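Novice: Below is one structure. I have some questions about it.
We did not get these values from a lab; they are worked out from the coordinates using the rules stated. All of these numbers come straight from a predicted model, not from anything done at the bench. Quick reminder, even Gly has a Cβ in these numbers, built from the backbone with ideal geometry, and neighbours come from all protein chains shown.
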Amino acid sequence: MVDTKILAQERTKLFKDIFDGEIPRRVPINVNFPIEFCIQYAGEDLAEAQWNTSMLEKIFEKICNDFVSDIVPVQVFRFPSYYKILGARNFVMSSSGFLQHPEINGLEAEEYDEFIESPYNCILEKILPRIYTELNTSLAERSLVMAKAFKAFYDEFNYVNMLYEKLIKKYGYSTKGNVDGFVEAPFDFMSDQLRGFKGITGDIRRRADKVAAACEAVTPLLIKAGVPASPSKYGGTFIPLHMAPYIRTKDFEKLYWPTFKKEIEELAAAGQPSWLFVENDWTRYVDYLYELPENTRMWFEYGDPKFIKEKLGKKHILTGFYPISILKTGTKQQCVDKAKELIDILAPGGKYMFGFDKSIITADSVKIENLQAVLEYVAENTDY
């Protein structure tokens, strides 16, 4: 019988070694599955289980029993309850049960100056009531709505965190290697929630100086949001990087990079590393990424792993690259061979955690037997 306390200590040491700059006993597996995958895999109704969170314990148990990982293999970012209370326009549950992020516009082009002068006040007084329709009311009613939404938020995540702790104890997962914060790069924040993709691309051409000033103005708020109550070099604030691959390099240099770099540096100075999801292809920006504080965690979606390992692998911690598409189309042996190929490239010298190129959102997007075979191979065959 496995001693789960010892197993948890061994798994935790894998990640601590990585974050301490030591070569671990073997490659740690940093894989967890979004709630949508978990619910579908367990054969439950997607919408019902996100509303009735008492169903999650049984669902999560099945994931833990059927898939190998060194961290809790389940992940919840959002629940529909508080978005419903707020009348959210930015996250809306579809008829299929997926929370979707429609293109929205919370800030008008002519309001840049107001935003630059006081981002916090502008967000509270203008942007939030536009994004969340139930806040577009009197101050008294708005306060009640916010109180209900925050109550729902904390109820949902206190319950999920209790489940995480229970699963860690029962299955012996690492207590390190998970993210413990979430924020966006300033330019992504402006484009994702405030101006929308269409709005920001027009702003780059018509009012680039305003965009740069807005990014500067909002950066202190985002830094504050990204530092948890107890920063730790073994933690990580998750930052999904969205817009950089879609803009010109000269616009990246002027509008994206300065405030993004400042944000990462300030988080590091506070004792909190950043965990970047390097979305799409950042190959032309690799030299910029090298400049970030040492041991920044970088989860790559695309790019040449050999090139990126050579450029970044001695300073930063890498994960990702494994294409989940092959888990759907390949044979079991092809999937295992791909894992071996990437491990041979990325594992030497340490500073590597095994992970996929993106989250596996739906259960039918992969062949389950291939997924299981890859995870088992990494757990059993990657000793240094």
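Novice: Using a cut-off of 17 Å between alpha-carbon atoms, which lysines can reach LYS261, once sequence neighbours fewer than 8 places away in the same chain are excluded?
Specialist: Straight-line reach from LYS261, under 17 Å: LYS224, LYS250, LYS315.
Novice: Take HIS101 and ARG284, extend 7 Å from each Cα along the Cα→Cβ direction, and tell me the distance between the two endpoints in nm.
Specialist: 2.3 nm
Novice: Mean-square fluctuation check for the chain, GNM, Cα pairs under 10 Å: which of GLY202, GLY350, GLY181 is largest?
Specialist: Highest fluctuation among the options: GLY202.
Novice: Multiplying the sequence separation of GLU110 and ARG89 by 0.36 nm and subtracting their Cα-Cα distance, what value in nm do you get?
Specialist: 5.4 nm
Novice: Just round it to a whole percent: the fraction of Cα-Cα distances in region 42-84 exceeding 16 Å.
Specialist: It works out to 40 percent of all Cα pairs.
Novice: Let me ask another. Could I have the simple spin-label model distance between GLU22 and ALA229, label points 7 Å from Cα toward Cβ, reported in nm to one decimal?
Specialist: The two pseudo-label positions are separated by 3.0 nm.
Novice: Provide, in order from the shortest bin, the percent of all Cα-Cα pairs of region 249-384 in each 10 Å bin, continuing until the bin that contains the maximum pair distance.
Specialist: Going from the shortest bin to the longest, the percentages are 11, 39, 32, 15, 3.
Novice: Going Cα to Cα from LYS151, which lysines come in below 19 Å? Please leave out same-chain ones fewer than 8 positions away.
Specialist: Within the straight-line cut-off, LYS151 pairs with LYS84.
Novice: What full-extension length gain, to one decimal in nm, is calculated for ILE6 and ASP304 as 0.36 nm per residue of separation minus the Cα-Cα distance?
Specialist: Fully extending the segment from ILE6 to ASP304 adds 103.6 nm.
Novice: Got the relative contact order for the chain handy, in percent, Cα pairs under 8 Å and 6 or more residues apart?
Specialist: 21 percent
Novice: How big is region 20-124 by Rg and Dmax over its Cα atoms, in Å?
Specialist: Considering region 20-124 through its Cα atoms, Rg and Dmax are 19.5, 56 Å.
Novice: I'd like the Kirkwood hydrodynamic radius of region 336-382, using the inverse of the mean 1/r over distinct C-alpha pairs, in Å.
Specialist: With all distinct Cα pairs of region 336-382 included, I get 11.7 Å.
Novice: Rg and Dmax of region 1-73, using alpha carbons, in Å: what are they?
Specialist: Cα only, region 1-73: 15.2, 44 Å (Rg, Dmax).
Novice: What is the Cα convex hull volume of region 189-322 when expressed per residue in Å³?
Specialist: Here the figure is 102 Å³ per residue.
Novice: Give the average over all directions of the projected area of the C-alpha convex hull of the chain, one decimal, in nm².
Specialist: Approximately 18.7 nm², given one-decimal rounding.
Novice: Something else: If the convex hull of the alpha-carbon atoms of region 140-248 is projected onto planes in all directions, what is the mean projected area in square nanometres?
Specialist: Mean projected area for region 140-248: 10.0 nm², to one decimal.
Novice: Region 96-137: which GluC sites (Glu not before Pro) are DSSP loop and have at most 13 other beta-carbon atoms within 10 angstrom?
Specialist: GLU103
Novice: Then there is this: Can you give the Rg to Rh ratio for region 104-191, taking only C-alpha atoms and Rh from Kirkwood?
Specialist: 1.12
Novice: What is the diffusion coefficient of region 68-120 in µm²/s, taking the Kirkwood radius over Cα pairs and the Stokes-Einstein relation at 25 °C with a viscosity of 0.890 mPa s?
Specialist: Result for D is 171 µm²/s.
Novice: Do any of LYS62/LYS309; LYS16/LYS62; LYS58/LYS170; LYS311/LYS340 go past 25 Å between their Cα atoms, and which?
Specialist: Too far apart for the 25 Å limit: LYS62/LYS309; LYS16/LYS62.
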